[in-house]
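See structure below.
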Amino acid sequence: MTQRILLIISGGIAAYKSLELVRLLRKRGIAVRAVLTESAKQFVTPLSLGVLTEDQVFDALFDLKAEREIGHIQLSRQADLVVVAPATANILARMANGIADDLATTLLLATDKPVLAVPAMNVRMWRHRATQRNLAQLRADGVHVMEPDAGEMACGEYGKGRMPEPAAIAAEIERLLTLPLPVAPLADPLTGQPDFAGDAGPLAGRHVLITAGPTHEPIDPVRYIANRSSGKQGFAIAAAAARAGARVTLVAGPVHLPTPAGVDRVDVETARDMLAAVEAALPADAAIMVAAVADWRTADAAGQKIKKDGSGQPAPLALVENPDILATIGHSDRRPPLLIGFAAETQKIAEHAQAKLAKKGADWIVANDVSGDVMGGDANAVQIVTAAGLESWPVLPKDQVAAKLIEKVANALAARTD
């Protein structure tokens, strides 16, 4: 059966790349139906897209002929995947806030199919807090977001925000089409909570939020405060949760690990960024805070590289505490029903974990001894501290630790439901 893409092209200079994307998809045997926003027509024409797609191009919500023959609701649901490329800061903001004021955004609000957004914008627009907040919301809503490339831009600036090359986008589309992707859940109109369906695994119908990796706290443009966390354990847990049928949001610090299949990933750098992404991803049925968040940051990061002054004395650094993400969520009115924290310790492992349990407002603390090569290694030995007592596990590969933990999570959530 031919796979079908609904390609929404918004109005950015990178829109010209959409023509090559259509050609590559058609070459791979994927049918493409295109939608143009009004601003996109300043960069590409309906005629050129129509020739390449060999199909009608849609650009108006109130088109009598199109509504009579296709209808925007039907159009939004005939594809296997909806792709927004390029996705400008403007359309991302409208998507994140559920605005439906033209054909493109109406289709996005009406679709019941997976959505892939491919951002493209100026580096400062990409880095703006509003854009990052919108991206976090979209990922939490189940939208797959492709990371933009870094490089020189049409405006002459250099940085992250370039639309990826069409070949890379086509490869990501092919990858997503092979996955049994969950559709972003609807919200229950009474509770506002996600309304899932299906029984594909013990966590089907659950939203699991996971943090992983370190945070980097800048000292100046070239130095930062961090730790040795590799992110491997958190990524393994995210993969196990997805295999168990959960909708998984993974908030990841700066690590070089591939995104597990079926997982929505939010990349962050600092502790404050991670807290904002975690709060944007709520509500969740379970939150597993695996990230090794830096306890401290500089009070004022220098705008330029700090140079040695020849005195032989180190530059003074004023440090302030970072937000405690686990404790913040643990004492929040949006606290997930099951909240799990990780504690990386080098001595008195169980004692320190027990002390953290009540202080952080968590249900479980998963403690591990990191005095060896656990950080960056492929195995882990953990102790799980709960109000009921202590459970010790032997040294296991991290993927087995993840599978065992997710099984315990699924059983705990099922017991609360029964």
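Summary of computed values
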{"quantity": "Correct choice for volume of the Cα convex hull per residue in Å³ that was computed from the model, options [x] 155; [y] 215; [z] 164", "calculated": "[z]"}
{"quantity": "Additional length obtainable on full extension of the chain from residue 56 to residue 393, 0.36 nm per residue less Cα span", "calculated": "115.4 nm"}
{"quantity": "Potential lengthening between residue 27 and residue 414 on full extension [0.36 nm per residue; Cα-Cα distance subtracted]", "calculated": "134.7 nm"}
{"quantity": "Förster radius 51 Å - calculated FRET efficiency between residue 261 and residue 296, Cβ distance, rounded to 0.05", "calculated": "0.90"}
{"quantity": "Potential lengthening between residue 101 and residue 45 on full extension [0.36 nm per residue; Cα-Cα distance subtracted]", "calculated": "18.0 nm"}
{"quantity": "Phi to ³J(HN,Hα) by Karplus 6.51 cos²θ - 1.76 cosθ + 1.60 over the stretch 258-274, Hz, x for Gly, Pro", "calculated": "x, 6, x, 4, x, 10, 8, 10, 10, 8, 9, 10, 9, 4, 5, 4, 5"}
{"quantity": "216, 128, 144 arranged by Cβ crowding within 10 Å, fewest neighbours leading", "calculated": "128, 216, 144"}
{"quantity": "The stretch 4-184 shape via C-alpha gyration tensor axes, a/c threshold 1.5", "calculated": "rounded"}
{"quantity": "Value of [θ]222 nm, deg cm²/dmol, for the chain, DSSP H segments ≥ 4, -39500 (n - 2.57) each, nearest 500", "calculated": "-9500 deg cm²/dmol"}
{"quantity": "For residue 323, net neighbour charge (Lys/Arg +1, Asp/Glu -1) across residues whose Cβ lies under 13 Å away", "calculated": "-3"}
{"quantity": "Backbone HN-Hα couplings from phi across the stretch 403-414 [Karplus 6.51/-1.76/1.60, Hz, Gly and Pro as x]", "calculated": "4, 5, 5, 5, 4, 5, 4, 4, 5, 5, 5, 5"}
{"quantity": "Rounded to 5, the percent of DSSP beta bridges in the chain classed as antiparallel", "calculated": "35 percent"}
{"quantity": "Inter-probe distance in nm under a simple model that places probes 7 Å from Cα toward Cβ, at residue 328 and residue 359", "calculated": "1.8 nm"}
{"quantity": "For residue 379, residues with placed amide H under 5 Å, excluding near neighbours", "calculated": "398"}
{"quantity": "Inter-probe distance in nm under a simple model that places probes 7 Å from Cα toward Cβ, at residue 38 and residue 112", "calculated": "3.1 nm"}
{"quantity": "Neighbour-count order for 39, 229, 392, fewest beta carbons within 10 angstrom listed first", "calculated": "392, 39, 229"}
{"quantity": "Inter-label distance, nm, simple model (7 Å from Cα along the C-beta direction), residue 305/residue 320", "calculated": "2.7 nm"}
{"quantity": "Amide H within-cut-off set for residue 81, under 5 Å, with H built and near neighbours excluded", "calculated": "4, 6"}
{"quantity": "Calculated SAXS-style log₁₀ I(q)/I(0) at q = 0.11, 0.12, 0.13 Å⁻¹ - the stretch 194-417, Debye, Cα scatterers", "calculated": "-0.54, -0.64, -0.74"}
{"quantity": "FRET efficiency, residue 174 to residue 20 (Cβ-Cβ, R0 22 Å, nearest 0.05)", "calculated": "0.90"}
{"quantity": "Where trypsin sites (Lys or Arg not before Pro) fall in DSSP loop in the stretch 251-340, at most 15 other Cβ within 10 Å", "calculated": "305, 307, 308, 334"}
{"quantity": "Net charge over other residues, Cβ less than 13 angstrom from the Cβ of residue 242 (K, R count +1; D, E count -1)", "calculated": "+2"}
{"quantity": "Residue order, fewest to most beta carbons within 10 Å, for 235, 58", "calculated": "58, 235"}
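Bear in mind these aren't lab numbers, they're just calculated from the coordinates by the rules spelled out. What you see is a predicted model, and the numbers here were worked out from it, not measured in a lab. Note that we place each Cβ from the backbone using ideal geometry, even for glycine, and neighbour counts take in every protein chain shown.
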